[in-house]
Structure formats: structure tokens, C-alpha cells
Amino acid sequence: MWVWLPGRTTPVVAGRVRYQPGGSRYEFGYARSYLERPNSISLYPPELPLRAGWQQPPPNMAIASVLRDAGPDSWGQRVILERIHGAKGAAVDAGDLDQITYFLESGSNRIGGLDFQAGPTEYVSRERSATLDELHAAADALQEGRDLPEDLGAALLRGTSIGGARPKALIDVDGVPHIAKFSSTSDPYPVVNAEALALKFARRVGIDTTQSFLTTSLGRDALVIERFDRSPEGGRRLLVSGLTMLGLDEMEGRYATYPDLLDVLRRDGRDPDVGRRLFERIVFNIAIGNNDDHARNHAAFWDGRMLELTPAYDLCPQIRSGETSAQAMAFDRNGTRESSFAACIRAAPIYGLTATEARDAIDGQIAVIERDWNEVADLARLTVAQRNRLWRRQILNPFASYGYRASHGT
Ligand SMILES: Nc1ncnc2c1ncn2[C@@H]1O[C@H](COP(=O)(O)OP(=O)(O)OP(=O)(O)O)[C@@H](O)[C@H]1O
Ligand SMILES: [Mg+2]
């Protein structure tokens, strides 16, 4: 395992991941050369403190979560399976390949500051560039079960180290690293446009996000988002997911809560506004109907000393069938997940906000969304029919406002 130390633009060997001899889990050991460096940092102290010897994953995990975060998620696993098994990859279970194969087959330009190589002596980046259209065509072919030409499959592999379930690829825009998110053949609504809409609104209501824009590829819209884990000089910032901060395995996501995340960020971070920041993200997710706010859709930078919440990402209105809706993570300490502004007000003190401040935050977001709806829907290239299907369903659903009265009394 190689790491980009804070402020550095080349990676160094940090240690080794291996299958436990005679066991069934993955252990990690820091390299002696790494421990001897004056600038070495723990990858994440609760899981892998900086010390010599093999370290076992926490009892609830098969591999330390901070390492797992760096591996491909369902989209990347699918691409790798297809590369190894051909078009029948879709029929092979993602669990059939072991974690180390996933680490070594996925591209090197992964999210965060870690990478994996077969050996400790020479760093060889697994990268292959391609145009947005080529990557898009490859993603389509894969989803439709068609065979991928060798070179396109290889190019698509480059993006397999980014997590998430949706089709995506890595591209550079004027030399700046970005993520491209494509539509999927199985999308029940214009997901890419809805995400573009959400990202635009997030910026307008004051939530920290990176730049993003819609572009056309193969006659369809693709969303291009600037990466926040790269420095202009070529450095890579280390990240930990919400799951890692909470010490949860991927199967335990239902136990993740916003207040627990806040406790970790307050304990190990220095941002006095982190409570308000999280609160505003919860409110925004409710306002735009994004209940896919699971623990992997939150992350923090880790610099060896402190955690700092990353810009928000993966903000997307989700399909909604009934009237009621629940967030993926509870936002108070009693397990409340109901997508309701009134429930947010009750939870506000946890985030260090008075009821009045919480109300102002909610009213402010609602006002911006109501005011800019048509303009932002235009920017997101939504047709009139598409925006009518989102408005008051995903976006500002009346359910969110039951029992809630804006402070200006309307
Ligand atoms: N702007 C960004 N900069 C750096 N990393 C990012 C950025 N956006 C997303 N990521 C990382 O890439 C991963 C996948 O992105 P994202 O969550 O948007 O994909 P997704 O397929 O929609 O996810 P899901 O499976 O949650 O629907 C994230 O979990 C996060 O680690
Ligand atoms: Mg995601």
C-alpha cells in the first residue's frame, strides 16, 4: 500500500495488506521504512495506529474500513468482473473476487491518497486515458451486456477506483481532475440532470460543493464534477468515509447516524461550525428529496492530525413513491429519520443551533429553492414535463413541511 503524504506529490510505501495466514480476514502492517520517516502519519488511528507489527481489522470487519474505502465499490467491481470474466461478468457475484484483486485491478487514480501495487520497490501507475465519449460508450456497453473492446475496457478500468454504484469515469478538464457521472440505461427519471440541479441549489443555499457542469456526450447529458481530493500541484488528500469514522462495516450502515458523525468530527476536527454544516446538509437533503444520504455519501479529509468535512457530494433527488419518506441516517439520538423540517427543529440543539437559528436555515433554503426553481431547472436542462414531475414531489414535498411553520408565519 502506497500513500501520498500531506503536501507531497509522489507516493511512498506505507505498508502491506495481506490475507491472514490461516484466517479469513485481511491484516495490515506498516513498513519499517514508513515508520522511520519523520513525516509518517497513521492512516486512521482508531483502526491503524502508527506502530510496528501486523494489525487486525476491527472485530466487525473483514478489512480495516480505511483500506476498504480506497477499493472499488459496486460500479468499479462490476467493471473489473467484466474485464476478468468477459460479458458474463454481470452473472458473477461481486464477492467472488477477493479484495486484493480489486485493489490491484482497479485504477491508481483512486479517491483519497492511497494506492495499491503488487510490490514495494517501484510505483507504476495503472492509468489509461480516453475521451469522455469513449468512456461513456464503454459504460453503456457494459450495462447493456455487450462485449467491450480491449482498449475501451482498459480505459474504463481507470475509473474503477471511484466508489459508488452509478456508472462513472475519471476525466481531466483543462488538466484538472474531474468525475463524470453518466446516465444509466435503467434510470427511472433523469438522474443526471436531477443531480446537476441539486448541486446547483446546494451552492446557492450556501452548502460547500465543488464546481460541476452538464455536458453532452453521445447525445445525452453527463454530469462533470471537480474532484476535491486533489491539489493543483498533484498532491492527493487522504479521506475517510462516514462509515470509517463511525467504525461500521459496510453491512452495518443502518446504524450510522448524523449525531454520531458529528461527535467524531467535533472530537477529531477543529471546525467550530461543523454542527451547523451538518444540520444544513440534512435540511437540504430533505428539501430536495435526497434520502440516499448514507454514511458513504459523507466523508472527511484526514491529514494525520485532524478530520475536516469534505465538500458535499452525491446530492440527488431520489425516486419517491408514497408520501412519507425517511433519511438514510437518523438525525437525532432517538433514531428519527423522518424527512421532516419539524423533526429537524427538534434535533437542532444537537447541532448547536437554537430553534430560531434552525428555522432561519430552513426558511432560507426553501426561499432560494422557490425563488430560483425555474432558472436552476433550466441550467439542469430539465424539460417542463420533467420539472413538473420533480416539483413538490422530490423537491419541497409537502410531507417535509407537515407540522412546520416558517418563522415569517406563512
Ligand atoms: N467531487 C468529488 N471529489 C472527490 N471524490 C468524490 C467526489 N464526488 C464523489 N467522490 C467520491 O466518489 C464516490 C462515488 O461518488 P458518488 O457517491 O457521487 O457516486 P454514486 O455512484 O452516485 O454513489 P451511490 O452508490 O451512493 O449512489 C463517493 O463515495 C466519494 O468517495
Ligand atoms: Mg455515493
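Nothing in this text is a laboratory measurement; each read-out follows from the coordinates by a stated rule. On a predicted model such as this, the values are computed, not experimentally measured, just so you know. Cβ: placed from backbone, ideal geometry, glycine included. Neighbour counts: every protein chain shown.
Sorted into 5 angstrom bins from 0, the C-alpha pair distances of region 205-278 split as 3, 11, 15, 16, 18, 18, 11, 6, 2, 0 percent.
With the simple model of a label 7 Å out from the Cα in the direction of the Cβ, residue 405 to residue 129 spans 6.1 nm. Using θ = phi - 60° in the Karplus curve 6.51 cos²θ - 1.76 cosθ + 1.60, the 3J(HN,Hα) couplings for region 318-331 round to 9, 4, 10, 9, x, 7, 6, 7, 9, 6, 5, 10, 5, 10 Hz; x is entered for Gly and Pro. Across region 239-408, the convex hull enclosing all Cα atoms gives 122 Å³ per residue.
Shape class of region 247-313 from the Cα gyration tensor (axes a ≥ b ≥ c, square roots of the eigenvalues): oblate, since a/c reaches 1.5 or more and a/b does not exceed b/c. Which of the listed residues, 148, 202, 164, is farthest toward the dipole's positive end in region 132-226, when Lys, Arg count +1 and Asp, Glu count -1 at the beta-carbon? After comparing all options, I get 202. P(r) tail for region 132-226: Cα pairs beyond 17 Å make up 51% of the total.
Amide hydrogen proximity for residue 110: with H placed 1.01 Å from N in the peptide plane, no residue at 5 or more positions away or on another chain lies under 5 Å.
With viscosity 1.567 mPa s and temperature 4 °C, the Kirkwood radius over alpha carbon pairs of region 151-301 converts through Stokes-Einstein to a diffusion coefficient of 76 µm²/s.
A viscosity of 0.692 mPa s and a temperature of 37 °C, combined with the Kirkwood radius over Cα pairs in Stokes-Einstein, give a translational diffusion coefficient for the chain of 147 µm²/s.
Only Cα sites of region 2-115 enter the Debye sum here, all with the same form factor; the resulting log10 I(q)/I(0) across q = 0.20 1/Å is -1.12, listed in q order.
Among residues other than residue 13 whose Cβ falls under 11 Å from its Cβ, what is the net charge (Lys/Arg +1, Asp/Glu -1)? Net of charged neighbours comes to +1. Among the DSSP helices (H) of the chain, those spanning at least 18 angstrom by Cα along their long axis with an average Kyte-Doolittle hydropathy of -1.0 or more are 191-204, 274-288, 355-379; this is a geometric and hydropathy rule only. Between amide H atoms placed 1.01 Å from N, distances below 5 Å from residue 327 occur with 338, 339, all of them 5 or more places distant or on a separate chain. Under 5 Å between amide hydrogens, built in the peptide plane, is the criterion, and for residue 173 it picks out 178 among residues at least 5 positions away or on other chains.
The residues neighbouring residue 307, those whose beta-carbon lies less than 13 Å from its own, together hold a net charge of +1 under the Lys/Arg +1, Asp/Glu -1 convention. Counting Lys and Arg as +1 and Asp and Glu as -1 over every other residue whose Cβ lies under 15 Å from the Cβ of residue 166, the net charge comes to -2. Taking 191, 283, 124 as the candidate residues, the one with maximal mean-square fluctuation in a Gaussian network model of the chain, Cα springs under 10 Å, is 124.
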